[in-house]
Amino acid sequence: MAASDDELTMRRQCSHQCPPALQTPAVQGDATSVLDLMLLAATLLFANGQTTERTIESTERLAGVLGFRVVLLPRWGELTATIDGGDGVRCETVVANPVGVDMGKVAAAVGVIDQLCDGRIDTETARTALAAIRRRPPIALTRFASLAAAGAAALGVIFGVVHLFSLVLIALSAGAGALLRRWLAGISANPFIQPFCAALLAGAVGALVVHLQLSTMQRLVAVCPCMVLVPGPHLLNGTIDLARARIALGASRILYASLIIVMICTGLLAGLALGGIMLPVSGSSVPVPLLYDVIAAGVAVAAYGTFFAMPWRMLPIPMLIGMLAHAAHWATISLAGGSVEAGAFVACLFVGIVITPIADRLRLPFAAFAFASVVSLIPGVFLFRMGGGLVALASLGEKASPDLLLATIADGSTAFLIMLAMAFGLIFPKMVIEHFFPRIVGSFTPIRR
């Protein structure tokens, strides 16, 4: 029975890609049906933010229960599966773009795989359930827009906005950007148009605020709505793939995320330029009381959990973890006198240790779950200031001052080090736990026959 989902329509026979040891001419009908089911499950996981390792393990586990061996080769834009049931081998490739993040779909798909492996449902029921999960609509527009507004305002609090009116402006800009993104999603499948246009709107609103002098935190009114657009899960998944020597796929994920960040920076700077405004390169952080900092971090986590389609009942878990992580970040900087990079590393190390077993038990993709918990630490301000500095250097040419060059380099270096600290802090404990304490995440151990 052939699957009917969009990503499965462009499949092709690929016996020339199969490993030599699996090349045999005969193919059973049952093998064809099982291969369709394998590809449907793998595509659903791969395209919605599950890590590559867990996608492969879940597929192997499912194939093992059905009495087959499967070799799954993930690449950017496609999945190749080779299945061997003893009497024959079949190999197919399907289109699968890992550009989405939907924790609800991943959790539901892994739940179906568990039911099939436990013998509670048969293969046809599993196929029907997986196809229904693929067709699930995105989260409600009201929830999407309202949480985008709340998340951007929360990031404003974390970065020092103290006036209510400024927070309202940030929330309105981010909420309007969310509505624009959802509308654009209905008319174009291009993944770069949405962040560019939302950032362009945020920049235009920021320029208007400057001209009308509506806020004393003009820079953050423009920047905070853009920080909720940063594609953190793709950066983390790419880094995990690189750490596991999946160089091509990891590099592709990071390049994709980097292009989105470039689109965000371009949109923001273009929106500001419409009003003749430049984003200042230098800026100082305003100390925030611990209580405000922790509460705002919890709101930001709820916002990103919404963006990643996390079920309501699960939101309190990453919110609590994120609040504790941000408290550790605050203590590292304010009490221990550490740098922002050290604070990010300590917070993410805590999250990586706690999230790794929880994400496995809840059947949620690690990258989305972990990033939602530390979203308030993203160095978006430094990235955008670096972009503004590069534009200023290009426009001024030889007239640019050395201070402008040094400030631009400092912002870029700080952003890079924070992102490196976050990635290492989140990924290192995950890999250590999975290697030395496999029983903690043993629910995903593939069944091999």
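Taking segment 301-354 as the range and being in contact (Cβ under 8 Å) with a residue 60 or more places away in the chain and among the β-branched types (Val, Ile, Thr) as the test, the residues that pass are VAL301, THR306, VAL340, VAL346, VAL351, ILE353.
Out of LEU335, LEU269, one residue alone is over 17 Å from the mean Cα position of the chain (by Cα) and within 21 Å of ALA415 (Cα to Cα). It is LEU269.
For segment 103-142, the tally of residues that are part of a loop (DSSP other than H, G, I, E, B) and either in contact (Cβ under 8 Å) with a residue 24 or more places away in the chain or open to solvent by 50 Å² or more (accessible area, probe 1.4 Å) (or both) stands at 10. Considering the conditions (1) among the aliphatic types (A, V, I, L, M); (2) surrounded by 23 or more Cβ atoms within 10 Å (Cβ to Cβ); (3) in contact (Cβ under 8 Å) with a residue 12 or more places away in the chain, ALA392 is excluded by exactly one of them, (2). Restricting VAL288, VAL294, VAL299 to those that are closer than 30 Å to PRO137 by Cβ and aliphatic (A, V, I, L, M) reduces the list to VAL299. Sub-9 Å Cβ pairs linking a first residue in segment 222-242 that is without any contact (Cβ under 8 Å) to a residue 60 or more places away in the chain and under 18 Å from GLY380 (Cα atoms) to a second residue that is part of a helix (DSSP H, G or I) and of a type in the set (Lys, Arg), at least 6 apart or interchain, are LEU229/ARG181, ordered by first then second residue. Restricting GLY151, GLY85, GLY160 to residues that are of a type outside the set (A, V, I, L, M, F, W, C), crowded, with 18+ Cβ neighbours inside 10 Å and modelled with pLDDT under 90 narrows the list to GLY85. Residue under question is ILE261, and the condition is that it be open to solvent by 10 Å² or more (accessible area, probe 1.4 Å) and either at pLDDT below 90 or closer than 29 Å to GLY388 by Cα (or both); does it hold? Against the criterion (open to solvent by 10 Å² or more (accessible area, probe 1.4 Å) and either at pLDDT below 90 or closer than 29 Å to GLY388 by Cα (or both)), ILE261 qualifies.
Given (1) outside any helix (DSSP H, G or I); (2) surrounded by fewer than 19 Cβ atoms within 10 Å (Cβ to Cβ); (3) more than 19 Å from the chain's Cα centre (by Cα), identify the lone condition not met by ALA189. All conditions pass for ALA189, except number (3). You will find that of ALA63, ALA96, ALA47, the residue that is of a type in the set (Gly, Ala, Ser), farther than 24 Å from ARG136 by Cα and in contact with a strand residue (DSSP E or B) (Cβ under 6 Å, 6 or more places away or on another chain) is ALA63 and no other.
Quick grid of which residues meet (1) without any contact (Cβ under 8 Å) to a residue 40 or more places away in the chain; (2) hydroxyl-bearing (Ser, Thr, Tyr); (3) open to solvent by 20 Å² or more (accessible area, probe 1.4 Å):
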| position | (1), (2), (3) |
| --- | --- |
| LEU39 | no, no, no |
| GLN50 | no, no, no |
| GLU57 | no, no, yes |
| LEU72 | yes, no, no |
| VAL101 | no, no, yes |
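The values are calculated or read from the model by the stated rules, or taken from the named source; none is laboratory data. If you're wondering where the values come from, they're calculated on a predicted model, not measured in any experiment. We place every Cβ from the backbone using ideal geometry, glycine too, and count neighbours over all the protein chains shown. Just so you know, the surface numbers come from the protein's heavy atoms only, side chains and all, with ligands and any DNA or RNA stripped out. Shrake-Rupley method; radii C 1.70, N 1.55, O 1.52, S 1.80 Å.
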